[in-house]
Amino acid sequence: MKIKGIIYSLFSLLLLTIACDDDLNSVGLSTKPDSDNVSVYADTVYLSGELATKDYTQTVKFDSIYYGVNTINTFYFLLGNFQDPLFGSLKADFLSQYAPASFTTDSIKNNRADSVKLIFEYSSWLGDSIAPMVAKVYPVNKGVSFSQEYHYTNIDLYDKYVSPAKPWVTLPYTARDLSQPYSASTTKSLTFDLLNTGIDTMMINEWRRNPATFESIISFTKFFPGLYVTTTSGDGNLLKISTSRIHFYYSRIIEKEEGGYTEVVDSTRFFISPEVILSSQYINKNEDLTTPNPEVTFVKAPAGVYTQYTLPLNEIKEKINGREINSIKFAVSAYAQDDWKYALGAPTTMMLIDKDSLTTFFQTPHIVSSPTSYKATYSNYKYDFGDISGVIKKGISEGKDELNVMLVPVVENSSSVYYSGTTYNYPLFTSYDITPTGVKLKKGSSPDGTQYLRLEILSSALSNR
């Protein structure tokens, strides 16, 4: 009995060892009929170069992006004009409205403010910090109608909402305040003096006559439609402005309990916020970038040029010959940035998206997800999108012969942002990255013959032994 017990224990241990085998390669195969066998195939389809049936790449102009409200990016404005020797110029200006605020009492001295300051704050810029620039501020015309088109960045803001108004104030400036010691961590600002524009008496008189104007954004922005800001001279830099406010300082005459009167200083600030209309305009001059080039395509953002790839679905179908698509890997290599002091940086995150989905993607909150969009982070001069088979399977199922996809710089937004004393909560979503960027993407082949742009296809099929 003792020997039998030892033999039984050894047999049980052997079964346990077999059952706990970590090799999963054959899991499930024992349940298949002997006549079934899975065959896996590896194929490649090229988008450019000598192995491609034709060049499926191009640089396309894309000068109008949807820059909508209720996105974190609407807290940032670009202002200025910048010239890059390769990517061309980018000029940016903007229009902003303001949320209502209130004056403390009707006892404001002389019905005038002591000072009115328009302040733009920024912490970063692109280009030469001491390049001389000139900015002008215009009032937006009363009674203008802001239709859906104001969301798009190719609209002529002056012609549509400002003309024929004259500028309220002009300000020469440099990105770096040369009168102060430089500190990279300090927030910088542009300050415009609006006291002589009459904005103070306009606001104070309305507050006294009709305080209800200041009780809602709708009524206030009808009364004061906002300001348009542009640069009229200089091409050395672009400021990334994070906030704007109009700050009123005024004196009040108040009666003392013991008799007589005293004078106190008070202030009121009008901020931009997510609830008001904010609109940007970008003017790019980069026509040379769209000329066909056997070695490179370009991406220049924002609202400049993007790279477009045409995915040859018919070629893919011929390659797989009815087999099941398991994965299609795709990556894009980039050239190093130009070697000059103010060269544009490459976009941090790139989205590959079905061109037909591009416009609507940004009109409502979306996240990057298959089958219409994929993302890649710039690393070692490459954007690796991984498996993009979802968009290709979708195109094939819809009976398409080809499918156009675009590369677009994007930023993923956090779910909340603290702004001007208020926390605004949003679901996670993706929006355009308005940071000025530019990158040259490789196509064709390397000196050793490696083809840069290729779809690496894995497919499978059941076959009989």
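When S123, S163, S96, S89 are checked against the criterion of being more than 30 Å from W207 (Cβ to Cβ) and modelled with pLDDT of 90 or more, S89 stands alone in meeting it.
Just the residues that are surrounded by fewer than 16 Cβ atoms within 10 Å (Cβ to Cβ) and acidic (D, E), please, taken from region 349-377. Across region 349-377, the qualifying residue is only D356. The residue list T170, T231 contains one member that is within 23 Å of Y282 (Cβ to Cβ), open to solvent by 50 Å² or more (accessible area, probe 1.4 Å) and not in a loop (DSSP other than H, G, I, E, B), which is T170.
When region 179-204 is filtered for residues that are open to solvent by 50 Å² or more (accessible area, probe 1.4 Å) and of a type in the set (S, T, N, Q), the ones remaining, listed by number, are S179, Q180, S185, T186, T187, S189, T191, N196. Being of a type in the set (S, T, N, Q), crowded, with 18+ Cβ neighbours inside 10 Å and under 30 Å from Q363 (Cα atoms) is a description that does not apply to Q148.
State whether one or more residues within region 307-322 are open to solvent by 10 Å² or more (accessible area, probe 1.4 Å) and among the small types (G, A, S). Among the residues of region 307-322, at least one is open to solvent by 10 Å² or more (accessible area, probe 1.4 Å) and among the small types (G, A, S), which makes the answer yes. For region 281-301, a residue qualifies if it is surrounded by fewer than 17 Cβ atoms within 10 Å (Cβ to Cβ) and hydroxyl-bearing (S, T, Y), and the qualifying residues are T290, T291. If you go through region 42-68 and keep only what is at pLDDT 95 or above and in a strand (DSSP E or B), you end up with A42, D43, T44, V45, Y46, T57, Q58, T59, V60.
For L157, the conditions (1) surrounded by 15 or more Cβ atoms within 10 Å (Cβ to Cβ); (2) over 30 Å from the mean Cα position of the chain (by Cα) all hold with the exception of (2).
Yes/no per residue for (1) part of a helix (DSSP H, G or I); (2) at pLDDT below 95; (3) open to solvent by less than 70 Å² (accessible area, probe 1.4 Å); (4) on the phi < 0 side of the Ramachandran plot:
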residue	(1), (2), (3), (4)
G395	yes, no, yes, yes
N404	no, no, yes, yes
V410	no, yes, yes, yes
P427	no, yes, no, yes
T435	no, yes, yes, yes
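Pairs are defined by a Cβ separation below 7 Å, a sequence spacing of at least 6 or placement on different chains, a first member in region 196-207 that is over 15 Å from L227 (Cβ atoms) and in a helix (DSSP H, G or I), and a second member that is hydroxyl-bearing (S, T, Y) and open to solvent by less than 30 Å² (accessible area, probe 1.4 Å); the pairs so defined are E206/T213. One residue alone among L24, L13, L78 is at pLDDT 80 or above and either under 51 Å from the mean Cα position of the chain (by Cα) or more than 30 Å from A343 (Cα to Cα) (or both), and that residue is L78.
Here D384 passes the criteria (1) in contact (Cβ under 8 Å) with a residue 24 or more places away in the chain; (2) under 30 Å from P85 (Cβ atoms); (3) in a loop (DSSP other than H, G, I, E, B); (4) not basic (K, R) except the one numbered (3). Candidates in region 106-126 are the residues that are in a strand (DSSP E or B) and more than 11 Å from L239 (Cβ to Cβ); of these, the one that is most open to solvent (accessible area, probe 1.4 Å) is K117.
Within region 164-209, which residues are among the small types (G, A, S) and in contact with a strand residue (DSSP E or B) (Cβ under 9 Å, 6 or more places away or on another chain)? Residues satisfying the conditions are A165, A175, A184, S185, S189. Name the single residue, out of those in region 127-145 being open to solvent by 50 Å² or more (accessible area, probe 1.4 Å) and at pLDDT below 95, that is nearest to K61 (Cα to Cα). Of everything passing the filter in region 127-145, S145 is nearest to K61 (Cα to Cα).
The values are calculated or read from the model by the stated rules, or taken from the named source; none is laboratory data. Please read these numbers as outputs of a predicted model, since none were measured by experiment. No Cβ is skipped: glycine too gets one built from the backbone with ideal geometry, and neighbour counts run over all protein chains shown. Each accessible area value is taken on the protein alone, full model and side chains, heavy atoms only, with ligands, DNA and RNA left out. Shrake-Rupley method; radii C 1.70, N 1.55, O 1.52, S 1.80 Å.
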